[in-house]
Amino acid sequence: MKIFRVILGAVLVLGGLYIVVGEYLLGTSADATINARTAVLRAPIQGVAEFSVRTIGAQVSPEEAVVRITDERFDTARLIDLERTRSTLEADLARLQAQSAAVNEARKVLQEQATSYQEGRLRQIRSRIAEAQAAVNSAEARFREAESALDRTRELSSRGVQTAITLDKAKAQYDVAQQDIASARERVSYLSTELSSAQNGVFIGDSYNDAPFSIQRIREFDLRLAELSAEAENVRRRLDLTSEQIAAERVRVNRLTAAELSMQSPGIVWNFLASSGEHVNQGQDLVRFVDCSAVMVTTSVSERVYSGLRVGMPAQFRLNGDSRIFEGTITRLGGSGAASLYTTLAIGPSPEHLTRFDVALSVPELTSNPDLSCAVGRTGRIVFSGGPLTSLRRSLTNFGF
(Lines give C-alpha, C1' and ligand atoms only; values in the text may rest on other atoms or scores of the structure.)
Protein backbone atom coordinates (compact mmCIF):
# COMPACT_ATOMS: atom_id res chain seq x y z
CA MET A 1 0.00 0.00 0.00
CA LYS A 2 2.87 2.34 0.87
CA ILE A 3 4.59 1.63 -2.43
CA PHE A 4 1.31 2.30 -4.28
CA ARG A 5 0.96 5.65 -2.55
CA VAL A 6 4.55 6.57 -3.40
CA ILE A 7 4.00 5.60 -7.04
CA LEU A 8 0.68 7.48 -7.20
CA GLY A 9 2.27 10.60 -5.69
CA ALA A 10 5.14 10.42 -8.13
CA VAL A 11 2.69 10.13 -11.06
CA LEU A 12 0.68 13.10 -9.84
CA VAL A 13 3.79 15.20 -9.35
CA LEU A 14 5.15 14.29 -12.77
CA GLY A 15 1.73 14.93 -14.33
CA GLY A 16 1.52 18.33 -12.67
CA LEU A 17 5.02 19.19 -13.79
CA TYR A 18 4.12 18.09 -17.34
CA ILE A 19 1.02 20.26 -17.40
CA VAL A 20 2.76 23.31 -15.90
CA VAL A 21 5.81 23.05 -18.11
CA GLY A 22 3.71 22.14 -21.15
CA GLU A 23 1.38 25.08 -20.68
CA TYR A 24 4.36 27.38 -20.13
CA LEU A 25 6.15 26.15 -23.23
CA LEU A 26 2.88 26.18 -25.11
CA GLY A 27 2.61 29.97 -25.33
CA THR A 28 -0.20 31.76 -23.54
CA SER A 29 -1.34 35.27 -22.87
CA ALA A 30 -3.14 36.41 -19.74
CA ASP A 31 -4.02 40.05 -20.75
CA ALA A 32 -6.29 39.35 -23.71
CA THR A 33 -9.06 41.96 -24.10
CA ILE A 34 -12.18 42.02 -26.25
CA ASN A 35 -11.74 45.10 -28.41
CA ALA A 36 -13.48 46.77 -31.37
CA ARG A 37 -13.08 49.62 -33.78
CA THR A 38 -14.68 52.94 -32.93
CA ALA A 39 -16.55 55.29 -35.22
CA VAL A 40 -17.07 58.99 -34.72
CA LEU A 41 -20.13 60.93 -35.86
CA ARG A 42 -19.09 64.36 -37.10
CA ALA A 43 -21.32 67.35 -37.74
CA PRO A 44 -21.90 67.79 -41.49
CA ILE A 45 -23.20 71.32 -40.86
CA GLN A 46 -22.98 73.90 -38.13
CA GLY A 47 -25.90 74.44 -35.78
CA VAL A 48 -27.43 73.38 -32.49
CA ALA A 49 -27.08 69.67 -31.67
CA GLU A 50 -29.90 67.73 -29.99
CA PHE A 51 -29.09 64.17 -28.91
CA SER A 52 -31.83 61.53 -28.86
CA VAL A 53 -29.42 59.12 -27.10
CA ARG A 54 -28.05 60.53 -23.86
CA THR A 55 -26.54 57.55 -22.01
CA ILE A 56 -23.02 56.22 -22.38
CA GLY A 57 -23.16 52.50 -23.16
CA ALA A 58 -26.56 52.72 -24.81
CA GLN A 59 -26.99 50.29 -27.68
CA VAL A 60 -27.80 51.88 -31.03
CA SER A 61 -29.35 50.02 -33.92
CA PRO A 62 -28.57 50.77 -37.56
CA GLU A 63 -30.32 53.82 -39.05
CA GLU A 64 -31.50 54.93 -35.58
CA ALA A 65 -31.35 58.72 -35.27
CA VAL A 66 -28.73 59.65 -32.70
CA VAL A 67 -28.37 63.41 -33.06
CA ARG A 68 -30.15 66.14 -35.00
CA ILE A 69 -28.48 69.40 -35.94
CA THR A 70 -30.47 72.50 -36.88
CA ASP A 71 -29.12 75.82 -38.10
CA GLU A 72 -31.72 78.58 -37.89
CA ARG A 73 -29.22 81.25 -38.93
CA PHE A 74 -28.50 79.80 -42.35
CA ASP A 75 -28.49 82.41 -45.14
CA THR A 76 -31.55 81.83 -47.35
CA ALA A 77 -31.15 85.00 -49.43
CA ARG A 78 -30.72 83.11 -52.69
CA LEU A 79 -33.89 81.07 -52.06
CA ILE A 80 -35.81 84.27 -51.30
CA ASP A 81 -34.51 85.89 -54.52
CA LEU A 82 -35.54 82.87 -56.57
CA GLU A 83 -39.02 82.84 -55.02
CA ARG A 84 -39.34 86.57 -55.69
CA THR A 85 -38.31 85.98 -59.31
CA ARG A 86 -40.89 83.22 -59.63
CA SER A 87 -43.61 85.52 -58.26
CA THR A 88 -42.65 88.18 -60.82
CA LEU A 89 -42.74 85.65 -63.66
CA GLU A 90 -46.13 84.36 -62.50
CA ALA A 91 -47.45 87.94 -62.51
CA ASP A 92 -46.04 88.49 -66.03
CA LEU A 93 -47.63 85.27 -67.22
CA ALA A 94 -51.00 86.28 -65.74
CA ARG A 95 -50.70 89.70 -67.44
CA LEU A 96 -49.93 88.12 -70.82
CA GLN A 97 -52.82 85.70 -70.45
CA ALA A 98 -55.17 88.59 -69.59
CA GLN A 99 -53.95 90.55 -72.61
CA SER A 100 -54.45 87.54 -74.86
CA ALA A 101 -57.98 87.10 -73.54
CA ALA A 102 -58.77 90.79 -74.17
CA VAL A 103 -57.36 90.67 -77.71
CA ASN A 104 -59.34 87.48 -78.36
CA GLU A 105 -62.57 89.17 -77.24
CA ALA A 106 -61.90 92.17 -79.48
CA ARG A 107 -61.07 89.84 -82.34
CA LYS A 108 -64.36 88.00 -81.89
CA VAL A 109 -66.27 91.29 -82.19
CA LEU A 110 -64.35 92.26 -85.31
CA GLN A 111 -64.80 88.76 -86.70
CA GLU A 112 -68.57 89.13 -86.34
CA GLN A 113 -68.43 92.50 -88.06
CA ALA A 114 -66.24 91.13 -90.84
CA THR A 115 -68.55 88.15 -91.32
CA SER A 116 -71.59 90.43 -91.51
CA TYR A 117 -69.82 92.74 -93.92
CA GLN A 118 -68.67 89.85 -96.11
CA GLU A 119 -72.15 88.32 -96.20
CA GLY A 120 -73.67 91.70 -97.11
CA ARG A 121 -71.13 92.30 -99.85
CA LEU A 122 -71.69 88.80 -101.24
CA ARG A 123 -75.43 89.39 -101.38
CA GLN A 124 -74.84 92.76 -103.03
CA ILE A 125 -72.47 91.30 -105.64
CA ARG A 126 -74.84 88.43 -106.38
CA SER A 127 -77.64 90.98 -106.93
CA ARG A 128 -75.42 92.93 -109.31
CA ILE A 129 -74.56 89.72 -111.14
CA ALA A 130 -78.28 88.96 -111.48
CA GLU A 131 -78.80 92.53 -112.72
CA ALA A 132 -75.94 92.19 -115.17
CA GLN A 133 -77.26 88.85 -116.35
CA ALA A 134 -80.65 90.48 -116.98
CA ALA A 135 -78.85 93.19 -118.96
CA VAL A 136 -77.18 90.45 -121.01
CA ASN A 137 -80.57 88.91 -121.71
CA SER A 138 -81.99 92.31 -122.69
CA ALA A 139 -79.02 93.01 -124.96
CA GLU A 140 -79.43 89.63 -126.61
CA ALA A 141 -83.13 90.40 -127.24
CA ARG A 142 -82.25 93.77 -128.78
CA PHE A 143 -79.56 92.05 -130.81
CA ARG A 144 -82.07 89.53 -132.21
CA GLU A 145 -84.46 92.41 -133.05
CA ALA A 146 -81.68 94.38 -134.77
CA GLU A 147 -80.54 91.27 -136.61
CA SER A 148 -84.10 90.62 -137.85
CA ALA A 149 -84.52 94.27 -138.87
CA LEU A 150 -81.22 94.18 -140.73
CA ASP A 151 -82.25 91.06 -142.61
CA ARG A 152 -85.60 92.65 -143.68
CA THR A 153 -83.90 95.88 -144.68
CA ARG A 154 -81.39 94.03 -146.81
CA GLU A 155 -84.16 92.10 -148.54
CA LEU A 156 -86.20 95.24 -149.22
CA SER A 157 -83.11 97.13 -150.29
CA SER A 158 -82.27 94.39 -152.78
CA ARG A 159 -85.68 94.86 -154.37
CA GLY A 160 -85.27 98.64 -154.37
CA VAL A 161 -87.97 99.29 -151.82
CA GLN A 162 -85.66 100.65 -149.03
CA THR A 163 -83.08 103.34 -149.41
CA ALA A 164 -79.39 102.97 -148.67
CA ILE A 165 -79.71 105.24 -145.64
CA THR A 166 -82.25 102.94 -144.04
CA LEU A 167 -79.94 99.96 -144.65
CA ASP A 168 -76.99 101.78 -143.04
CA LYS A 169 -79.11 102.66 -140.06
CA ALA A 170 -80.17 99.00 -139.65
CA LYS A 171 -76.53 97.90 -139.81
CA ALA A 172 -75.57 100.45 -137.16
CA GLN A 173 -78.31 99.28 -134.84
CA TYR A 174 -77.16 95.69 -135.39
CA ASP A 175 -73.58 96.60 -134.49
CA VAL A 176 -74.69 98.51 -131.39
CA ALA A 177 -76.79 95.58 -130.22
CA GLN A 178 -73.85 93.26 -130.70
CA GLN A 179 -71.57 95.54 -128.64
CA ASP A 180 -74.19 95.82 -125.92
CA ILE A 181 -74.17 92.01 -125.56
CA ALA A 182 -70.34 91.98 -125.26
CA SER A 183 -70.45 94.82 -122.71
CA ALA A 184 -73.12 93.11 -120.61
CA ARG A 185 -71.21 89.82 -120.63
CA GLU A 186 -67.98 91.60 -119.55
CA ARG A 187 -69.94 93.16 -116.71
CA VAL A 188 -71.09 89.69 -115.60
CA SER A 189 -67.50 88.41 -115.81
CA TYR A 190 -66.24 91.37 -113.75
CA LEU A 191 -68.89 90.87 -111.08
CA SER A 192 -68.15 87.10 -110.99
CA THR A 193 -64.47 87.88 -110.34
CA GLU A 194 -65.48 90.33 -107.62
CA LEU A 195 -67.70 87.63 -106.06
CA SER A 196 -64.88 85.07 -106.05
CA SER A 197 -62.50 87.54 -104.39
CA ALA A 198 -65.13 88.55 -101.84
CA GLN A 199 -65.62 84.92 -100.89
CA ASN A 200 -61.86 84.83 -100.08
CA GLY A 201 -62.06 88.00 -97.99
CA VAL A 202 -60.64 90.41 -100.60
CA PHE A 203 -63.10 93.00 -101.83
CA ILE A 204 -62.62 94.66 -105.24
CA GLY A 205 -64.15 98.07 -105.77
CA ASP A 206 -63.82 101.11 -107.97
CA SER A 207 -61.62 103.03 -105.52
CA TYR A 208 -60.11 100.20 -103.40
CA ASN A 209 -58.74 96.71 -103.79
CA ASP A 210 -58.19 95.30 -100.30
CA ALA A 211 -59.86 93.83 -97.20
CA PRO A 212 -62.19 95.95 -95.11
CA PHE A 213 -61.04 97.67 -91.91
CA SER A 214 -62.42 94.94 -89.63
CA ILE A 215 -60.45 92.21 -91.42
CA GLN A 216 -57.31 94.35 -91.35
CA ARG A 217 -57.75 94.82 -87.61
CA ILE A 218 -58.30 91.05 -87.23
CA ARG A 219 -54.98 90.44 -88.94
CA GLU A 220 -53.32 92.92 -86.61
CA PHE A 221 -54.90 91.14 -83.65
CA ASP A 222 -53.71 87.76 -84.97
CA LEU A 223 -50.17 89.13 -85.15
CA ARG A 224 -50.49 90.52 -81.62
CA LEU A 225 -51.83 87.17 -80.34
CA ALA A 226 -48.87 85.38 -81.90
CA GLU A 227 -46.49 87.82 -80.19
CA LEU A 228 -48.28 87.38 -76.84
CA SER A 229 -48.21 83.59 -77.24
CA ALA A 230 -44.46 83.59 -77.95
CA GLU A 231 -43.81 85.91 -75.00
CA ALA A 232 -45.99 83.77 -72.70
CA GLU A 233 -44.15 80.62 -73.80
CA ASN A 234 -40.84 82.30 -73.00
CA VAL A 235 -42.14 83.28 -69.55
CA ARG A 236 -43.35 79.70 -68.97
CA ARG A 237 -39.91 78.30 -69.80
CA ARG A 238 -38.28 80.79 -67.46
CA LEU A 239 -40.85 79.95 -64.80
CA ASP A 240 -40.16 76.21 -65.15
CA LEU A 241 -36.41 76.83 -64.93
CA THR A 242 -36.87 79.02 -61.85
CA SER A 243 -39.08 76.38 -60.22
CA GLU A 244 -36.37 73.76 -60.80
CA GLN A 245 -33.78 76.10 -59.30
CA ILE A 246 -36.04 76.72 -56.29
CA ALA A 247 -36.48 72.97 -55.76
CA ALA A 248 -32.71 72.41 -55.94
CA GLU A 249 -32.06 75.36 -53.62
CA ARG A 250 -34.61 74.05 -51.11
CA VAL A 251 -32.87 70.68 -51.11
CA ARG A 252 -29.57 72.46 -50.48
CA VAL A 253 -31.09 74.62 -47.75
CA ASN A 254 -32.71 71.61 -46.08
CA ARG A 255 -29.44 69.72 -46.24
CA LEU A 256 -27.51 72.63 -44.73
CA THR A 257 -30.08 73.75 -42.16
CA ALA A 258 -30.97 70.37 -40.65
CA ALA A 259 -29.29 66.98 -40.47
CA GLU A 260 -30.03 63.70 -38.69
CA LEU A 261 -27.06 61.45 -37.97
CA SER A 262 -27.17 57.70 -37.42
CA MET A 263 -24.88 54.66 -37.45
CA GLN A 264 -24.68 52.29 -40.40
CA SER A 265 -24.06 49.26 -38.17
CA PRO A 266 -25.04 48.28 -34.60
CA GLY A 267 -22.95 49.76 -31.85
CA ILE A 268 -22.83 51.24 -28.37
CA VAL A 269 -22.24 54.81 -27.27
CA TRP A 270 -18.64 55.01 -26.07
CA ASN A 271 -18.31 58.71 -25.35
CA PHE A 272 -20.07 62.03 -25.95
CA LEU A 273 -17.83 64.70 -27.43
CA ALA A 274 -20.49 67.44 -27.38
CA SER A 275 -23.51 68.29 -25.26
CA SER A 276 -27.17 68.48 -26.21
CA GLY A 277 -28.12 72.07 -26.99
CA GLU A 278 -24.54 73.02 -27.80
CA HIS A 279 -23.71 74.94 -30.97
CA VAL A 280 -21.34 72.80 -33.02
CA ASN A 281 -19.25 73.63 -36.05
CA GLN A 282 -19.08 71.75 -39.32
CA GLY A 283 -16.75 68.75 -39.01
CA GLN A 284 -16.80 68.77 -35.20
CA ASP A 285 -16.79 65.36 -33.46
CA LEU A 286 -20.07 64.66 -31.68
CA VAL A 287 -20.29 61.03 -30.51
CA ARG A 288 -17.86 58.13 -30.48
CA PHE A 289 -19.36 54.68 -30.99
CA VAL A 290 -18.04 51.17 -30.69
CA ASP A 291 -18.70 49.25 -33.90
CA CYS A 292 -20.11 45.95 -32.67
CA SER A 293 -19.76 44.39 -36.12
CA ALA A 294 -15.94 44.60 -35.88
CA VAL A 295 -15.16 42.83 -32.59
CA MET A 296 -11.65 41.42 -32.13
CA VAL A 297 -9.36 40.28 -29.32
CA THR A 298 -6.11 42.12 -28.64
CA THR A 299 -3.30 40.87 -26.41
CA SER A 300 0.43 41.01 -25.85
CA VAL A 301 2.97 38.22 -25.53
CA SER A 302 6.61 37.81 -24.76
CA GLU A 303 9.21 37.88 -27.48
CA ARG A 304 9.79 34.13 -27.08
CA VAL A 305 6.12 33.37 -27.80
CA TYR A 306 5.82 36.11 -30.45
CA SER A 307 8.67 34.68 -32.51
CA GLY A 308 6.75 31.44 -32.94
CA LEU A 309 3.49 33.00 -34.12
CA ARG A 310 2.27 33.46 -37.68
CA VAL A 311 -0.74 35.22 -39.17
CA GLY A 312 -3.50 32.65 -39.72
CA MET A 313 -2.44 30.38 -36.86
CA PRO A 314 -5.30 29.03 -34.71
CA ALA A 315 -5.71 30.03 -31.08
CA GLN A 316 -8.20 29.57 -28.28
CA PHE A 317 -9.73 32.36 -26.22
CA ARG A 318 -11.29 31.97 -22.79
CA LEU A 319 -12.89 34.76 -20.79
CA ASN A 320 -12.04 35.19 -17.15
CA GLY A 321 -14.79 33.68 -15.04
CA ASP A 322 -16.17 31.76 -18.02
CA SER A 323 -15.41 28.13 -18.83
CA ARG A 324 -16.27 28.42 -22.52
CA ILE A 325 -13.47 28.22 -25.08
CA PHE A 326 -13.74 30.15 -28.36
CA GLU A 327 -11.76 29.30 -31.44
CA GLY A 328 -9.88 32.17 -33.07
CA THR A 329 -7.31 33.02 -35.70
CA ILE A 330 -4.35 35.38 -35.56
CA THR A 331 -5.03 38.29 -37.92
CA ARG A 332 -2.31 40.78 -36.98
CA LEU A 333 1.17 40.70 -35.46
CA GLY A 334 1.75 44.29 -34.37
CA GLY A 335 5.14 43.88 -32.72
CA SER A 336 6.43 46.04 -29.90
CA GLY A 337 5.47 49.68 -29.23
CA ALA A 338 2.18 49.28 -31.13
CA ALA A 339 0.48 52.36 -29.62
CA SER A 340 -0.43 53.76 -33.05
CA LEU A 341 -2.47 50.64 -33.83
CA TYR A 342 -4.95 51.49 -31.07
CA THR A 343 -5.93 55.00 -32.14
CA THR A 344 -9.16 53.72 -33.71
CA LEU A 345 -9.88 51.00 -31.12
CA ALA A 346 -12.08 51.29 -28.05
CA ILE A 347 -9.57 49.87 -25.54
CA GLY A 348 -6.10 51.36 -25.62
CA PRO A 349 -2.89 49.52 -24.63
CA SER A 350 -1.56 49.61 -21.09
CA PRO A 351 2.05 50.64 -20.42
CA GLU A 352 2.89 47.00 -19.72
CA HIS A 353 1.25 46.02 -23.02
CA LEU A 354 3.51 48.39 -24.92
CA THR A 355 6.62 46.77 -23.45
CA ARG A 356 5.55 43.44 -24.95
CA PHE A 357 4.60 42.31 -28.47
CA ASP A 358 1.11 43.05 -29.79
CA VAL A 359 -1.13 40.34 -31.31
CA ALA A 360 -4.72 40.64 -32.64
CA LEU A 361 -7.12 37.74 -33.19
CA SER A 362 -10.42 37.27 -34.97
CA VAL A 363 -12.93 35.28 -32.90
CA PRO A 364 -16.12 34.90 -35.00
CA GLU A 365 -18.00 33.11 -32.22
CA LEU A 366 -17.97 36.29 -30.11
CA THR A 367 -19.93 38.23 -32.75
CA SER A 368 -22.54 35.49 -33.11
CA ASN A 369 -22.98 35.12 -29.35
CA PRO A 370 -25.73 37.46 -28.05
CA ASP A 371 -24.07 37.87 -24.64
CA LEU A 372 -20.64 38.67 -26.07
CA SER A 373 -21.46 40.36 -29.40
CA CYS A 374 -20.29 43.73 -28.03
CA ALA A 375 -18.66 42.84 -24.68
CA VAL A 376 -15.85 45.31 -25.25
CA GLY A 377 -13.47 45.55 -22.31
CA ARG A 378 -13.87 42.01 -20.95
CA THR A 379 -10.57 40.19 -20.43
CA GLY A 380 -9.43 36.62 -20.70
CA ARG A 381 -6.63 34.30 -21.67
CA ILE A 382 -5.37 33.08 -25.03
CA VAL A 383 -3.71 29.75 -25.81
CA PHE A 384 -1.91 29.84 -29.16
CA SER A 385 -1.62 26.04 -29.81
CA GLY A 386 -2.72 22.68 -28.47
CA GLY A 387 -1.35 21.84 -25.04
CA PRO A 388 -1.91 19.30 -22.23
CA LEU A 389 -5.03 21.05 -20.99
CA THR A 390 -6.58 21.84 -24.36
CA SER A 391 -8.27 18.46 -24.82
CA LEU A 392 -9.35 18.49 -21.17
CA ARG A 393 -10.88 21.96 -21.53
CA ARG A 394 -12.80 20.95 -24.64
CA SER A 395 -14.06 17.77 -22.94
CA LEU A 396 -15.21 19.69 -19.88
CA THR A 397 -16.86 22.32 -22.14
CA ASN A 398 -18.75 19.61 -24.01
CA PHE A 399 -20.06 18.30 -20.70
CA GLY A 400 -21.18 21.75 -19.62
CA PHE A 401 -18.34 22.54 -17.21
It is to be established whether one or more residues within the range 205-218 are touching a Lys or Arg at 6+ places or on another chain (Cβ under 7 Å), surrounded by fewer than 18 Cβ atoms within 10 Å (Cβ to Cβ) and either touching a residue at least 12 places away in the same chain (Cβ under 8 Å) or closer than 30 Å to Ala139 by Cα (or both). no
Go over the candidates Ser127, Ser157 one by one and state the one that is loosely packed, with under 14 Cβ neighbours inside 10 Å and either assigned to a helix (DSSP H, G or I) or touching an Asp or Glu at 6+ places or on another chain (Cβ under 6 Å) (or both). Ser127
Of everything in the range 230-244, what is buried (at least 16 other Cβ atoms within 10 Å of the Cβ) and within 24 Å of Asp75 (Cα to Cα)? Give them in sequence order. Leu239, Thr242
Collect the residues in the range 82-140 that are out of contact with any helix residue (DSSP H, G or I) (no Cβ under 9 Å at 6 or more places or on another chain), basic (Lys, Arg) and over 30 Å from Asp240 (Cα atoms), keeping them in residue-number order. Lys108, Arg123
Can you tell which of Ser300, Ser276 is in a loop (DSSP other than H, G, I, E, B), in contact with a Phe, Trp or Tyr (Cβ under 9 Å, 6 or more places away or on another chain) and in the same structural domain as Val383 (by TED's automatic domain parsing)? Ser276
Which residue pairs have Cβ atoms closer than 9 Å, lie 6 or more positions apart in sequence or on different chains, and pair a first residue in the range 104-132 that is without any contact (Cβ under 8 Å) to a residue 40 or more places away in the chain and in the same structural domain as Glu220 (by TED's automatic domain parsing) with a second residue that is of a type in the set (Lys, Arg) and surrounded by 12 or more Cβ atoms within 10 Å (Cβ to Cβ)? Glu131/Arg187
Of Ala294, Ala259, which residue is among the aliphatic types (A, V, I, L, M), closer than 29 Å to Tyr342 by Cα and touching a strand residue (DSSP E or B) at 6+ places or on another chain (Cβ under 6 Å)? Ala294
Go through (1) at pLDDT 80 or above; (2) buried (at least 16 other Cβ atoms within 10 Å of the Cβ); (3) closer than 19 Å to Thr329 by Cβ one by one and return the number of the condition Arg393 breaks. (1)
State whether the residues of the range 44-63 include one that is farther than 30 Å from Ser265 by Cα, modelled with pLDDT under 90 and either over 31 Å from the mean Cα position of the chain (by Cα) or surrounded by 13 or more Cβ atoms within 10 Å (Cβ to Cβ) (or both). no
Out of (1) of a type outside the set (Val, Ile, Thr); (2) surrounded by 14 or more Cβ atoms within 10 Å (Cβ to Cβ); (3) assigned to a helix (DSSP H, G or I), the one Phe74 does not meet is (3)
Condition check: touching a residue at least 24 places away in the same chain (Cβ under 8 Å), hydroxyl-bearing (Ser, Thr, Tyr) and more than 30 Å from Phe221 (Cα to Cα). Does Ser148 satisfy that? no
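For (1) closer than 30 Å to Thr367 by Cα; (2) out of contact with any helix residue (DSSP H, G or I) (no Cβ under 7 Å at 6 or more places or on another chain), each residue gets a yes or a no:
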site: Ile215; (1), (2): no, no
site: Phe221; (1), (2): no, no
site: Arg238; (1), (2): no, no
site: Leu241; (1), (2): no, yes
site: Arg255; (1), (2): no, yes
site: Gln264; (1), (2): yes, yes
site: Glu278; (1), (2): no, yes
Quick test for you: out of Arg86, Arg37, pick the one residue that is surrounded by 15 or more Cβ atoms within 10 Å (Cβ to Cβ) and part of a strand (DSSP E or B). Arg37
Inspect the range 249-266 for any residue being assigned to a helix (DSSP H, G or I) and touching a Lys or Arg at 6+ places or on another chain (Cβ under 8 Å) and give the result as yes or no. yes
Every residue in the range 45-71 that is touching a helix residue (DSSP H, G or I) at 6+ places or on another chain (Cβ under 8 Å) and either assigned to a loop (DSSP other than H, G, I, E, B) or at positive phi (or both), please. Ile45, Gly47, Asp71
Here is a list of conditions, (1) modelled with pLDDT under 80; (2) more than 21 Å from Gly267 (Cα to Cα), and Ser373 meets all of them except one; can you say which number that is? (2)
Would the range 315-337 turn up any residue that is outside any strand (DSSP E or B) and under 50 Å from the mean Cα position of the chain (by Cα)? no
If you go through Thr343, Thr367, the only one that is within 17 Å of Val290 (Cα to Cα) and at pLDDT 85 or above is Thr343
How many residues does the range 234-287 hold that are among the charged types (D, E, K, R) and more than 21 Å from Arg84 (Cα to Cα)? 4
Residue identified as touching an Asp or Glu at 6+ places or on another chain (Cβ under 9 Å) and closer than 21 Å to Leu195 by Cβ among Ala135, Ala114: Ala135
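The values are calculated or read from the model by the stated rules, or taken from the named source; none is laboratory data. Just so we're clear, the structure is a prediction, and the values are computed from it rather than from any experiment. Cβ atoms come from the backbone with ideal geometry, glycine included; neighbour counts cover every protein chain shown.
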